[in-house]
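Worksheet: one structure, shown below.
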Amino acid sequence: MAGTGAHPLVRAEHFIWLTARVLEQRRFAHRFLDGDPDPVETALTAYRNEDGGYAHALEPDLRGPVSQPLHTAHALSVLDSIGRCEGLRVERICRYLSDVSTKEGALPALLPLQRGYPAAPFVPLVDDPPAELLATGPIVGLLHRNEVWHAWLFRATDFCWSAVDALEQSHPYEIEAAIAFLDGVPDRTRAERAADRLGRLVRGQRLAVLDPARRAEYPVAPGYAPGEHHFPHDYARTPGSLARRWFTDEELERSLDHLAAEQQEDGGWPVNWRQWAPGTALEGRPLVTLRALETLRSYGRPLG
């Protein structure tokens, strides 16, 4: 058993084998134990529906068998992590995204098909949901970064540009979606200009905790859980992100120190969003743990 004195990766591995779903176990093995990517894709396939979308609580805060854009974005991020964001599998996904897009050619956060199945109370369920940057931006950025070309991307990219350009008041998850789009979109000059403006917005509206020791002094966005703060590393998840320019070296180092210190005695990292059902918190922690390990490793922090 890995004790609290063990290296962070050893402790995290124990936590993953103890608590994670098969998919997260396979992802951990691939990313940190030199495991083969095939089992990751096999595990992911269990969440895929006939319509090309994904469901079955792949995104833990949405339960049930109906495909949703948020599940499908999650599936794409898994494929991206194993270098398989290409071919027929992604063609099917893009066809699904096209089928469920709004008249603007972009994605709502939650389709009304969810009605009748459990979902987090902080994800609004309406009959005619609008397109949102929150749902569309990360998918568009990821597909561009992987040089995927599909007809759906043209209007979806235009939507994201318009949504990013219109941002004046925002909240952390929307900014994270915006930077995911900007980090992948082909027009790098325009992306850099937009990112510079968003960085000023983040600092001006105090959307990032720049000193974790004083986090209680920073506001929490409306609708977020108490203490659901976001830190520089949440925006700049890799050194190559445009969001890295938003923060000084000292601010980022403090943020990474805080992230490393957040590892719990059981080896996992905590979720800080609203926990509305026991299963969702249990399934969410391994996902947060994988993300924390990836972030720390991308910045060269020792994991053991």
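For HIS144, state whether it is out of contact with any His (no Cβ under 8 Å at 6 or more places or on another chain), of a type outside the set (A, V, I, L, M), more than 30 Å from GLU250 (Cβ to Cβ) and assigned to a loop (DSSP other than H, G, I, E, B). It is false that HIS144 is out of contact with any His (no Cβ under 8 Å at 6 or more places or on another chain), of a type outside the set (A, V, I, L, M), more than 30 Å from GLU250 (Cβ to Cβ) and assigned to a loop (DSSP other than H, G, I, E, B). If you go through the range 253-268 and pick out every residue that is free of Cβ contacts under 8 Å to residues at least 24 places away in the same chain and either buried (at least 16 other Cβ atoms within 10 Å of the Cβ) or farther than 22 Å from VAL10 by Cβ (or both), you end up with 1.
Quick check on the range 26-41: of everything there that is part of a loop (DSSP other than H, G, I, E, B) and either among the β-branched types (Val, Ile, Thr) or open to solvent by 40 Å² or more (accessible area, probe 1.4 Å) (or both), which residue is nearest to SER67 (Cα to Cα)?
At the first step, the residues of the range 26-41 found to be part of a loop (DSSP other than H, G, I, E, B) are 33-37.
Those still in the list that are either among the β-branched types (Val, Ile, Thr) or open to solvent by 40 Å² or more (accessible area, probe 1.4 Å) (or both) too: 33-34, 36.
Working: LEU33: 31, ASP34: 31, ASP36: 27 Å.
Filtering first and then ranking leaves ASP36.
Just one of the numbered conditions (1) closer than 17 Å to TYR47 by Cβ; (2) open to solvent by less than 40 Å² (accessible area, probe 1.4 Å); (3) of a type in the set (A, V, I, L, M) is not true of ALA156: (1). Which residues, taken from the range 88-120, are over 24 Å from VAL164 (Cα atoms), in a loop (DSSP other than H, G, I, E, B) and open to solvent by less than 60 Å² (accessible area, probe 1.4 Å)? Listed by number, the list holds a single entry, ALA120.
Among the residues of the range 192-217, what is the count of those that are assigned to a loop (DSSP other than H, G, I, E, B) and either surrounded by fewer than 16 Cβ atoms within 10 Å (Cβ to Cβ) or over 19 Å from the mean Cα position of the chain (by Cα) (or both)? If you could, list the steps in order and put the result at the bottom.
Narrowing the range 192-217 to residues assigned to a loop (DSSP other than H, G, I, E, B): 205-211.
Those left that are additionally either surrounded by fewer than 16 Cβ atoms within 10 Å (Cβ to Cβ) or over 19 Å from the mean Cα position of the chain (by Cα) (or both): 205-206, 210-211.
Total meeting the criteria: 4.
Checking the structure you have, find out if any residue of the range 206-216 is of a type in the set (Val, Ile, Thr) and under 20 Å from ALA260 (Cα atoms).
Step one: of the range 206-216, the residues of a type in the set (Val, Ile, Thr) are 209.
Restricting the remaining residues to those that are under 20 Å from ALA260 (Cα atoms) gives 209.
Within the range 206-216 (the criterion being of a type in the set (Val, Ile, Thr) and under 20 Å from ALA260 (Cα atoms)), the answer is yes, since at least one residue qualifies.
Scoring VAL220 on the criteria (1) out of contact with any helix residue (DSSP H, G or I) (no Cβ under 8 Å at 6 or more places or on another chain); (2) open to solvent by 80 Å² or more (accessible area, probe 1.4 Å); (3) modelled with pLDDT of 95 or more leaves a single failure, condition (2).
State the number of residues belonging to the range 70-87 that are open to solvent by 30 Å² or more (accessible area, probe 1.4 Å), more than 15 Å from HIS150 (Cα to Cα) and part of a helix (DSSP H, G or I).
Step one: filter the range 70-87 for residues open to solvent by 30 Å² or more (accessible area, probe 1.4 Å), giving 70, 77, 80, 83-84, 86-87.
Still in the running and more than 15 Å from HIS150 (Cα to Cα): 70, 77, 80, 83-84.
Restricting the remaining residues to those that are part of a helix (DSSP H, G or I) gives 70, 77, 80.
Residues flagged as open to solvent by 30 Å² or more (accessible area, probe 1.4 Å), more than 15 Å from HIS150 (Cα to Cα) and part of a helix (DSSP H, G or I) within the range 70-87 amount to 3.
Going by what's in this entry, would VAL123 be described as touching a helix residue (DSSP H, G or I) at 6+ places or on another chain (Cβ under 7 Å) and of a type outside the set (Gly, Ala, Ser)? Steps first, answer last, please.
Working: touching a helix residue (DSSP H, G or I) at 6+ places or on another chain (Cβ under 7 Å): no; of a type outside the set (Gly, Ala, Ser): yes.
No.
Filtering the range 103-157 to residues that are over 18 Å from VAL66 (Cβ atoms) and of a type in the set (Phe, Trp, Tyr) leaves PHE122, TRP149, TRP152, PHE154. Restricting the search to helices (runs of 4 or more DSSP H) fully inside the range 228-304 and requiring at least 1 residues that are modelled with pLDDT under 95 gives 278-298. Restricting the range 150-173 to residues that are within 19 Å of the chain's Cα centre (by Cα), part of a helix (DSSP H, G or I) and not small (Gly, Ala, Ser) leaves a set whose member that is nearest to GLY204 (Cα to Cα) is PRO172.
Tell me yes or no: at least one residue of the range 42-61 is assigned to a helix (DSSP H, G or I), open to solvent by less than 50 Å² (accessible area, probe 1.4 Å) and among the hydrophobic types (A, V, I, L, M, F, W, C).
Filtering the range 42-61 down to residues assigned to a helix (DSSP H, G or I) leaves 42-45.
With the extra rule that they be open to solvent by less than 50 Å² (accessible area, probe 1.4 Å), the set shrinks to 43-44.
Next, only the ones that are among the hydrophobic types (A, V, I, L, M, F, W, C) stay: 43-44.
So far as the range 42-61 goes, yes, one or more of its residues are assigned to a helix (DSSP H, G or I), open to solvent by less than 50 Å² (accessible area, probe 1.4 Å) and among the hydrophobic types (A, V, I, L, M, F, W, C).
Going by the structure shown, is ASP187 open to solvent by 50 Å² or more (accessible area, probe 1.4 Å) and of a type in the set (Asp, Glu)? Yes; evaluated as a whole, the condition is true for this residue.
The values are calculated or read from the model by the stated rules, or taken from the named source; none is laboratory data. Predicted model, so just to flag it, every value in this text is computed and none were measured. Positions of Cβ are generated from backbone atoms using ideal geometry, with glycine treated the same way; all protein chains shown enter the neighbour counts. Only protein heavy atoms, including side chains, enter the accessible area calculation; ligands, DNA and RNA are left aside. Shrake-Rupley method; radii C 1.70, N 1.55, O 1.52, S 1.80 Å.
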